Amino acid sequence: MPSYQLDRAAFDEEVLRRAGIAGAEILRPATVIDVQLQPGKEQTVTFRNGDGTRTVRSRWIVDASGVAAILARKQGWWKSNIEHPTAAAWSRWKGVKDWDSRELADKYPSWSRAVYATRNTATNHVIGDGWWSWWIPLKGGDVSVGVVFDQRLVDWPQEGGKLGERLKAFLMKHPVAREILVDAQFDEEDVHWRKNLAYYSTTFAGDGFVLVGDAAAFMDPFYSPGMDWISFTTSRAAALIGAQRRGEAMSGLVERHNRDLARSHRCWFEAVYKDKYEYMGEFDLMSTALIFDLCLYYLGVVSRIFKYGENALLVPPFSATGIGPIFRFMRTYNRRFAEIARRRRKRRMLGKTNRAHRCLIPGFKLHSANPKLFAQGFAKWARVELGELFSASMS
């Protein structure tokens, strides 16, 4: 589908501006010092603003504090997802080559002819065994380049210079990344590192407070599910607050809110992300999973928004009744591909068929379930299974 890059800094400021027009009191900068919750009563927040402190009381608190996850950490609800021990390193870079440059087109003609779109304004991904990297163009010509990896599979270099230098050395081992990054320099003031990315809160709401976005949970940056999670959690939060203001009983609504979001987060993780890094570097396995993942995403999430409007945001993925077969199908192929990759790892056969492959998928149409693409996915899966049978018989 036609798309474009969004300047998040400008977008965030516009959202804040509109909140102010709508009546929100905006205080910047502000640092939360303390939060006191009293279910069914007034909640209290104390924060530092400028040189002084201020205490405000409200019937509801919405925690949108992101990875700081203020309420979850303070109340002991925050849990690290130890089943998914990912970490990330990233930086802003200058001098990153243009993916559509004449230099690369002359050097690799098939590369140039592979697509008929502009790659340099898109988010590109370079993938290896147990890791993937993003390449995002930024305003002014810089590029955000980062690596996310499974700490069980990738031995991240702890020595070898500054973090940016280690990040570049790691990426230079990949043939495509080496071509694009060879002359680039990272911004020493804009280099970041974060361990154990995945976490969740065991409580998403109570009578008087609700957690949204990354303050409630974070799964994985692959496929960029964070904006979807924000949309679902904020929509449900607004519905919950609205119900209380209309005088509806809270106990059942809060219980349902916690149940639906906990189920959505868990099923979403198991269906898409659990052990995916095991096979992420295998072209045949990952490209097959990509077809299924994207087809089902457009069919089960995106199309519903266009069909039912904002009401679809009140039903988080996998929380609706009757969704079980789809969840089990996704979990099945994800588990199967991880199992195949682990078997290849033991036989030292990882990456043996990757050379000169790239995954290119045509656009999606919201009025169809993309049956041809589904069929391609099943055909690719069948070839994978036949190949595994042949390899097993040969060994």
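A short reminder: the numbers here are calculations on the coordinates, not readings from a lab. From a predicted model like this one, the values you see are computed outputs, not experimental measurements. Cβ coordinates were reconstructed from backbone atoms using ideal geometry, including for glycine residues, and neighbour counts include every protein chain displayed.
Check off (1) exposed (fewer than 13 other Cβ atoms within 10 Å of the Cβ); (2) under 19 Å from the mean Cα position of the chain (by Cα) for Asp155 and give me the number that stays unchecked.
Of everything listed in (1) exposed (fewer than 13 other Cβ atoms within 10 Å of the Cβ); (2) under 19 Å from the mean Cα position of the chain (by Cα), Asp155 misses just condition (2).
Working carefully through the options Val115, Val145, Val126, find the one that is surrounded by 12 or more Cβ atoms within 10 Å (Cβ to Cβ), assigned to a loop (DSSP other than H, G, I, E, B) and in contact (Cβ under 8 Å) with a residue 40 or more places away in the chain.
Values: Val145 fails: assigned to a loop (DSSP other than H, G, I, E, B); Val126 fails: assigned to a loop (DSSP other than H, G, I, E, B).
Among Val115, Val145, Val126, only Val115 is surrounded by 12 or more Cβ atoms within 10 Å (Cβ to Cβ), assigned to a loop (DSSP other than H, G, I, E, B) and in contact (Cβ under 8 Å) with a residue 40 or more places away in the chain.
Just to check your reading of the model, which residue among Val212, Val254 is out of contact with any Ser or Thr (no Cβ under 9 Å at 6 or more places or on another chain) and crowded, with 17+ Cβ neighbours inside 10 Å? I'd like the intermediate steps shown before the answer.
Numbers: Val212 fails: out of contact with any Ser or Thr (no Cβ under 9 Å at 6 or more places or on another chain).
So the residue among Val212, Val254 that is out of contact with any Ser or Thr (no Cβ under 9 Å at 6 or more places or on another chain) and crowded, with 17+ Cβ neighbours inside 10 Å is Val254.
Counting just the residues of segment 193-230 that are in a loop (DSSP other than H, G, I, E, B) and closer than 11 Å to Trp78 by Cβ, which one comes out nearest to the chain's Cα centre (by Cα)? Step through it out loud before you land on a result.
Narrowing segment 193-230 to residues in a loop (DSSP other than H, G, I, E, B): 195-198, 202-204, 207-208, 212, 216, 219-225.
Within this subset, residues satisfying the condition of being closer than 11 Å to Trp78 by Cβ are 202-203, 216.
Values: Thr202: 20, Thr203: 21, Ala216: 14 Å.
Top of the filtered list is Ala216.
Would segment 295-306 turn up any residue that is without any contact (Cβ under 8 Å) to a residue 40 or more places away in the chain and loosely packed, with under 11 Cβ neighbours inside 10 Å?
No, that holds for no residue.
Being under 22 Å from Glu270 (Cβ atoms) and aromatic (Phe, Trp, Tyr) is the filter; apply it to segment 293-314 and report the residue that is nearest to the chain's Cα centre (by Cα).
Top of the filtered list is Tyr297.
Please verify whether segment 300-313 includes one or more residues that are within 26 Å of Leu253 (Cα to Cα) and either touching an Asp or Glu at 6+ places or on another chain (Cβ under 8 Å) or not in a helix (DSSP H, G or I) (or both).
Yes, there is a match, as at least one residue in segment 300-313 is within 26 Å of Leu253 (Cα to Cα) and either touching an Asp or Glu at 6+ places or on another chain (Cβ under 8 Å) or not in a helix (DSSP H, G or I) (or both).
Given (1) exposed (fewer than 13 other Cβ atoms within 10 Å of the Cβ); (2) touching a residue at least 12 places away in the same chain (Cβ under 8 Å); (3) part of a loop (DSSP other than H, G, I, E, B), where does Ala169 come up short, assuming only one miss?
(3)
Take segment 215-251 and flag every residue that is of a type in the set (Val, Ile, Thr) and either closer than 17 Å to Gly66 by Cβ or crowded, with 22+ Cβ neighbours inside 10 Å (or both). Show your work before the answer.
Just the residues of segment 215-251 that are of a type in the set (Val, Ile, Thr), to begin with: 230, 233-234, 241.
Once the filter is applied, which keeps residues that are of a type in the set (Val, Ile, Thr) and either closer than 17 Å to Gly66 by Cβ or crowded, with 22+ Cβ neighbours inside 10 Å (or both), segment 215-251 yields Ile230, Thr233, Thr234.
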